[in-house]
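Some notes on the structure that comes next.
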Amino acid sequence: MGFLTKKIRIVKEATHGTIPTNPVCIEFLAESFGLKQDQSTEDINLLGTGGDASPMAFGVSKFSGTVGLIASVDNMPIIATHILGAATSAGAATVQTWTTATAYAVGDKVNTVANAKHTLTCVTAGTSGASEAVFSPVLNTDPNLDRGARITDGTVVWVAMPKLATYVFTRQQQLPSFTIEYELEDESANTFYKRFSNVYMNTLPMAMSGGTISLKVSGDFVGAAYSDSTQAGYVALSAMAGAKLVPNFKDYYGYEDCLVKIDTVALCGIDSMNLDISRNVTAADGLNNCKIVDIGITSVKGNLKKVFSLADYAAFKAHTDFATEFNFTKANGCKAVFSFPYVRPALADPEQTIDKQAYLTTAISAYGTAANQSVSATITAPMMFDSTGTLVGTGVY
């Protein structure tokens, strides 16, 4: 009889390695999850013992591993927090509220009035009706139940979502840390928990290849503290006093929702491109806990494969800068934009490959200035409501 993974939950820590009072536990969707604890040992030389074999002393406990997940509208702010730091600003995506007999265009957003838990995004332009009562039979007290619901209001068609917030991220000196706990259950409903504290994500890969964009995020994790439910006194995150549970949702971005730009022009003639954002966090950084002053130096690098042209060849050899943007936009009003203001080919003479078509392949890297950091992100995502429909916070990522 084996165990199956039932839940993975994360909590943003109050301080490094410390779970906050009344924790907000967010269920996390992951395709793969592997963290390994390691407690190294070293020989101790005992003097004056007649040459007996030396015992081993335990070193400091640490862990590392990789979590593979699909970027969704709900976990995008969490991913950005891990790689860039806490949001520099967070607020309602729109302050407009629904009004009667008003013309709305596709993409317009309004918040409901009677039930202030929803944001409506216009998907069919038109004029709103005479009363907000049209929403009453449709919208629930728990806005999570209304994700993607389409409502006809006069001649307008809306798509409903839990109230949306917009977060702005720029590179922060010190990263927030998280606690991750996963719950396993066997056929007899026996449960087993493993928890890793003081967790940092290390790398966020973003890639476009063959006309498609990679939405799978693979993050290297490092940290120091580990515990599991075989230990006396263990209390699961969901059982802690005042714990608030935020359920997960498979609200993924699709290929049709994504766009990559160079400068202000959508990619054309690009065979593949990737930029990895890395904080270069080490296990030693994770072990340093509250003494961390500047955890990891941000680097952004990757490669670019482009159809050969004389103009591009000349530009690459000249190290011409360009701006790059990965843009994920859904009709339900959710959005994630990762911007790199200065991307530069790294090779003076890019490699040329020929396979029916001639290509230029070059390493690329991003850099920034005091006014424009090497990477920033603006994300519009649902606020967090628990399973009862209660708002449990915004900007808590």
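Entry remark, the range 310-358: residues being within 29 Å of residue 257 (Cα to Cα) and of a type in the set (Gly, Ala, Ser) number 5 in total. The number of residues in the range 226-258 that are outside any loop (DSSP other than H, G, I, E, B), open to solvent by 30 Å² or more (accessible area, probe 1.4 Å), modelled with pLDDT of 85 or more and within 24 Å of residue 381 (Cα to Cα) comes to 4. The set of residues from the range 16-34 being in a strand (DSSP E or B), within 18 Å of the chain's Cα centre (by Cα) and not small (Gly, Ala, Ser) comprises 24, 25, 26, 27, 33.
Taking only the range 369-388 into account, find how many residues are modelled with pLDDT of 90 or more and touching a Pro at 6+ places or on another chain (Cβ under 7 Å).
5
Mind listing whichever residues of the range 5-25 are open to solvent by less than 20 Å² (accessible area, probe 1.4 Å) and of a type in the set (A, V, I, L, M)? Answer for the range 5-25, where residues must be open to solvent by less than 20 Å² (accessible area, probe 1.4 Å) and of a type in the set (A, V, I, L, M): 8, 10, 11. Looking only at residues in the range 69-88 that are open to solvent by 10 Å² or more (accessible area, probe 1.4 Å) and among the β-branched types (Val, Ile, Thr), which one is modelled with the lowest pLDDT? If we take residues in the range 69-88 being open to solvent by 10 Å² or more (accessible area, probe 1.4 Å) and among the β-branched types (Val, Ile, Thr), then 70 is modelled with the lowest pLDDT. Considering the range 73-124, the qualifying strands (runs of 3 or more DSSP E), each wholly inside and each with 1 or more residues that are touching an Asp or Glu at 6+ places or on another chain (Cβ under 9 Å) and aliphatic (A, V, I, L, M), run over 118-124. All of (1) of a type in the set (S, T, N, Q); (2) open to solvent by less than 40 Å² (accessible area, probe 1.4 Å); (3) over 25 Å from the mean Cα position of the chain (by Cα) hold for residue 332 with one exception: (3). For the condition under 25 Å from the mean Cα position of the chain (by Cα), modelled with pLDDT under 95 and open to solvent by 50 Å² or more (accessible area, probe 1.4 Å), residue 117 qualifies. For the range 261-271, a residue qualifies if it is outside any loop (DSSP other than H, G, I, E, B) and either open to solvent by 50 Å² or more (accessible area, probe 1.4 Å) or at pLDDT below 85 (or both), and the qualifying residues are 261, 265, 266, 270, 271.
Quick check on this structure: which one of 367, 342, 313, 359 is in contact with an Asp or Glu (Cβ under 8 Å, 6 or more places away or on another chain), touching a residue at least 12 places away in the same chain (Cβ under 8 Å) and open to solvent by 60 Å² or more (accessible area, probe 1.4 Å)? Only one candidate passes the filter, namely 342. Taking (1) buried (at least 17 other Cβ atoms within 10 Å of the Cβ); (2) at pLDDT below 85 in turn, residue 31 satisfies each apart from (1). Quick test of your reading of the structure: residue 198 fulfils all but one of (1) modelled with pLDDT under 85; (2) open to solvent by 10 Å² or more (accessible area, probe 1.4 Å); (3) farther than 21 Å from residue 392 by Cβ. Name the failing condition by number. The one condition residue 198 does not meet is (2). Would you check if residue 321 is closer than 30 Å to residue 117 by Cα, of a type in the set (Asp, Glu) and either open to solvent by 20 Å² or more (accessible area, probe 1.4 Å) or modelled with pLDDT under 90 (or both)? Taking the combined requirement at face value, the residue does not satisfy it.
The values are calculated or read from the model by the stated rules, or taken from the named source; none is laboratory data. Nothing here was measured: the structure is a model prediction, and the numbers come from that model. Note that each Cβ is placed from the backbone with ideal geometry, even for glycine, and that neighbours are counted across all protein chains shown. We work out accessible area using only protein heavy atoms, side chains counted, and drop any ligands, DNA or RNA first. Shrake-Rupley method; radii C 1.70, N 1.55, O 1.52, S 1.80 Å.
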